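Heads up, the thing below is written out as C-alpha coordinates.
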Amino acid sequence: MSDTPPKPSVLFVCVHNAGRSQMAAAFLTHLGQGRIVVRSAGSAPAEAVNPAVVAAMAEAGIDLSAEIPKVLTSETVQASDIVITMDCGDACPVFPGKTYRDWKLADPAGQGVEAVRPIRDEIERRVRSLLAELRPGEACPWTVSRITGGRGLFRPGSE
(Lines give C-alpha, C1' and ligand atoms only; values in the text may rest on other atoms or scores of the structure.)
Protein backbone atom coordinates (compact mmCIF):
# COMPACT_ATOMS: atom_id res chain seq x y z
CA MET A 1 0.00 0.00 0.00
CA SER A 2 1.37 3.39 -0.99
CA ASP A 3 1.63 6.39 1.33
CA THR A 4 1.42 8.69 -1.67
CA PRO A 5 -1.98 10.38 -1.93
CA PRO A 6 -3.72 10.03 -5.30
CA LYS A 7 -3.14 12.84 -7.76
CA PRO A 8 -6.09 15.16 -8.18
CA SER A 9 -7.46 15.25 -11.72
CA VAL A 10 -8.80 18.29 -13.57
CA LEU A 11 -10.71 18.48 -16.84
CA PHE A 12 -10.95 21.77 -18.75
CA VAL A 13 -13.87 21.99 -21.21
CA CYS A 14 -14.79 24.56 -23.83
CA VAL A 15 -16.77 24.21 -27.04
CA HIS A 16 -13.96 23.74 -29.56
CA ASN A 17 -11.05 22.70 -27.28
CA ALA A 18 -8.96 25.00 -29.44
CA GLY A 19 -8.29 27.94 -27.13
CA ARG A 20 -9.20 28.48 -23.50
CA SER A 21 -9.28 24.85 -22.39
CA GLN A 22 -6.01 24.14 -24.21
CA MET A 23 -4.28 27.10 -22.51
CA ALA A 24 -5.63 26.12 -19.08
CA ALA A 25 -4.57 22.49 -19.47
CA ALA A 26 -1.11 23.52 -20.68
CA PHE A 27 -0.56 25.89 -17.77
CA LEU A 28 -1.73 23.35 -15.20
CA THR A 29 0.35 20.59 -16.77
CA HIS A 30 3.43 22.79 -16.77
CA LEU A 31 2.97 24.39 -13.36
CA GLY A 32 1.71 21.20 -11.72
CA GLN A 33 4.96 19.44 -12.59
CA GLY A 34 3.36 15.99 -12.70
CA ARG A 35 1.42 16.41 -9.44
CA ILE A 36 -1.96 16.80 -11.19
CA VAL A 37 -3.65 14.69 -13.86
CA VAL A 38 -4.76 17.19 -16.50
CA ARG A 39 -7.24 16.72 -19.35
CA SER A 40 -8.99 19.00 -21.81
CA ALA A 41 -11.84 18.43 -24.24
CA GLY A 42 -14.52 20.16 -26.26
CA SER A 43 -18.20 19.56 -26.87
CA ALA A 44 -17.67 20.29 -30.61
CA PRO A 45 -13.90 20.08 -31.13
CA ALA A 46 -12.22 22.10 -33.85
CA GLU A 47 -9.78 20.54 -36.28
CA ALA A 48 -6.79 22.39 -34.81
CA VAL A 49 -5.75 24.60 -31.93
CA ASN A 50 -6.22 28.31 -32.66
CA PRO A 51 -2.93 29.61 -34.17
CA ALA A 52 -3.13 32.83 -32.11
CA VAL A 53 -3.41 30.69 -28.96
CA VAL A 54 -0.36 28.67 -30.03
CA ALA A 55 1.58 31.92 -30.59
CA ALA A 56 0.51 33.47 -27.27
CA MET A 57 1.44 30.34 -25.34
CA ALA A 58 4.80 30.15 -27.14
CA GLU A 59 5.50 33.64 -25.78
CA ALA A 60 4.97 32.13 -22.31
CA GLY A 61 7.39 29.31 -23.07
CA ILE A 62 4.72 26.63 -23.60
CA ASP A 63 4.47 24.79 -26.92
CA LEU A 64 0.94 23.89 -28.03
CA SER A 65 1.84 23.27 -31.67
CA ALA A 66 1.42 19.48 -31.41
CA GLU A 67 -1.87 19.57 -29.45
CA ILE A 68 -5.05 18.33 -31.06
CA PRO A 69 -8.58 19.22 -29.92
CA LYS A 70 -10.31 16.26 -28.26
CA VAL A 71 -13.97 15.35 -27.99
CA LEU A 72 -15.68 15.50 -24.60
CA THR A 73 -16.84 12.07 -23.40
CA SER A 74 -18.68 10.88 -20.32
CA GLU A 75 -15.66 8.71 -19.50
CA THR A 76 -13.37 11.76 -19.44
CA VAL A 77 -15.72 13.55 -17.05
CA GLN A 78 -16.06 10.48 -14.83
CA ALA A 79 -12.26 10.15 -14.63
CA SER A 80 -11.88 13.74 -13.36
CA ASP A 81 -12.26 15.16 -9.86
CA ILE A 82 -12.78 18.75 -10.96
CA VAL A 83 -14.46 19.83 -14.20
CA ILE A 84 -13.90 23.43 -15.25
CA THR A 85 -16.15 24.59 -18.05
CA MET A 86 -15.66 27.66 -20.20
CA ASP A 87 -18.94 28.60 -21.85
CA CYS A 88 -19.80 25.13 -23.11
CA GLY A 89 -23.39 25.36 -21.93
CA ASP A 90 -25.17 22.17 -20.97
CA ALA A 91 -22.95 19.94 -23.13
CA CYS A 92 -20.93 18.72 -20.15
CA PRO A 93 -22.44 15.67 -18.44
CA VAL A 94 -22.94 16.05 -14.70
CA PHE A 95 -22.02 13.21 -12.35
CA PRO A 96 -22.39 13.09 -8.57
CA GLY A 97 -19.21 13.55 -6.58
CA LYS A 98 -17.51 15.78 -9.14
CA THR A 99 -16.70 19.42 -8.51
CA TYR A 100 -17.91 21.69 -11.31
CA ARG A 101 -16.82 25.28 -11.93
CA ASP A 102 -17.51 27.64 -14.79
CA TRP A 103 -14.82 30.15 -15.72
CA LYS A 104 -16.29 33.10 -17.59
CA LEU A 105 -13.57 34.08 -20.04
CA ALA A 106 -13.49 35.86 -23.38
CA ASP A 107 -13.37 33.53 -26.36
CA PRO A 108 -10.13 33.77 -28.37
CA ALA A 109 -11.79 32.37 -31.53
CA GLY A 110 -11.16 34.67 -34.46
CA GLN A 111 -8.87 36.93 -32.40
CA GLY A 112 -5.27 37.90 -33.04
CA VAL A 113 -2.46 37.24 -30.60
CA GLU A 114 -2.81 40.74 -29.10
CA ALA A 115 -6.36 39.92 -28.00
CA VAL A 116 -5.37 36.44 -26.81
CA ARG A 117 -2.62 37.65 -24.44
CA PRO A 118 -4.98 39.06 -21.77
CA ILE A 119 -7.09 35.88 -21.94
CA ARG A 120 -3.92 33.80 -21.54
CA ASP A 121 -2.81 35.89 -18.57
CA GLU A 122 -6.20 35.57 -16.85
CA ILE A 123 -6.18 31.81 -17.41
CA GLU A 124 -2.70 31.59 -15.93
CA ARG A 125 -3.86 33.56 -12.87
CA ARG A 126 -6.82 31.23 -12.36
CA VAL A 127 -4.72 28.11 -12.88
CA ARG A 128 -2.20 29.31 -10.27
CA SER A 129 -5.06 29.86 -7.83
CA LEU A 130 -6.45 26.40 -8.61
CA LEU A 131 -3.02 24.83 -8.14
CA ALA A 132 -2.63 26.51 -4.74
CA GLU A 133 -6.05 25.13 -3.80
CA LEU A 134 -5.24 21.60 -4.99
CA ARG A 135 -1.79 21.51 -3.41
CA PRO A 136 -1.95 23.85 -0.41
CA GLY A 137 1.37 24.64 1.16
CA GLU A 138 3.31 23.76 -1.99
CA ALA A 139 4.86 26.78 -3.61
CA CYS A 140 4.98 26.75 -7.37
CA PRO A 141 8.57 27.68 -8.26
CA TRP A 142 7.84 28.70 -11.86
CA THR A 143 6.22 31.83 -13.14
CA VAL A 144 5.79 33.43 -16.53
CA SER A 145 8.15 36.36 -16.85
CA ARG A 146 6.29 39.59 -17.36
CA ILE A 147 9.58 41.47 -16.92
CA THR A 148 11.00 39.87 -20.06
CA GLY A 149 7.76 40.45 -21.94
CA GLY A 150 6.43 36.94 -21.42
CA ARG A 151 9.32 35.40 -23.35
CA GLY A 152 9.68 32.40 -21.13
CA LEU A 153 9.56 30.75 -17.78
CA PHE A 154 12.04 31.52 -15.05
CA ARG A 155 12.75 30.65 -11.47
CA PRO A 156 12.31 33.59 -9.10
CA GLY A 157 15.66 35.22 -8.50
CA SER A 158 17.08 34.09 -11.86
CA GLU A 159 16.46 37.36 -13.68
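When you filter the GluC sites (Glu not before Pro) in the stretch 1-97 for DSSP loop state and at most 14 other Cβ atoms inside 10 Å of their Cβ, you are left with GLU47.
Between ALA109 and VAL94, full extension at 0.36 nm per residue minus the direct alpha carbon distance yields a gain of 2.8 nm.
Within the accessible surface of the stretch 1-140, defined with a 1.4 Å probe on protein heavy atoms only, the carbon and sulfur portion equals 54 percent. Sequence-ordered 3J(HN,Hα) estimates for the stretch 123-134 from the Karplus curve with 6.51, -1.76 and 1.60 and θ = phi - 60° stand at 4, 4, 4, 5, 5, 4, 5, 4, 4, 5, 6, 6 Hz, glycine and proline given as x. Taking θ as phi - 60° and the Karplus parameters 6.51, -1.76 and 1.60, the scalar couplings of the stretch 55-67 work out to 5, 5, 6, 4, 4, 8, x, 10, 8, 9, 4, 9, 6 Hz in sequence order, x denoting glycine and proline. Scattering from the stretch 21-68 was approximated by placing one identical point on each alpha carbon and applying the Debye formula without solvent; log10 I(q)/I(0) at 0.13 1/Å stands at -0.29.
The values are calculated or read from the model by the stated rules, or taken from the named source; none is laboratory data. Predicted model only: the values in this text are computed from it and were never measured. Every residue, glycine as well, gets a Cβ built from its backbone with ideal geometry; the counts of neighbours run over all protein chains shown. Remember, those area values only see protein heavy atoms, side chains included, never the ligands or the DNA or RNA. Shrake-Rupley method; radii C 1.70, N 1.55, O 1.52, S 1.80 Å.
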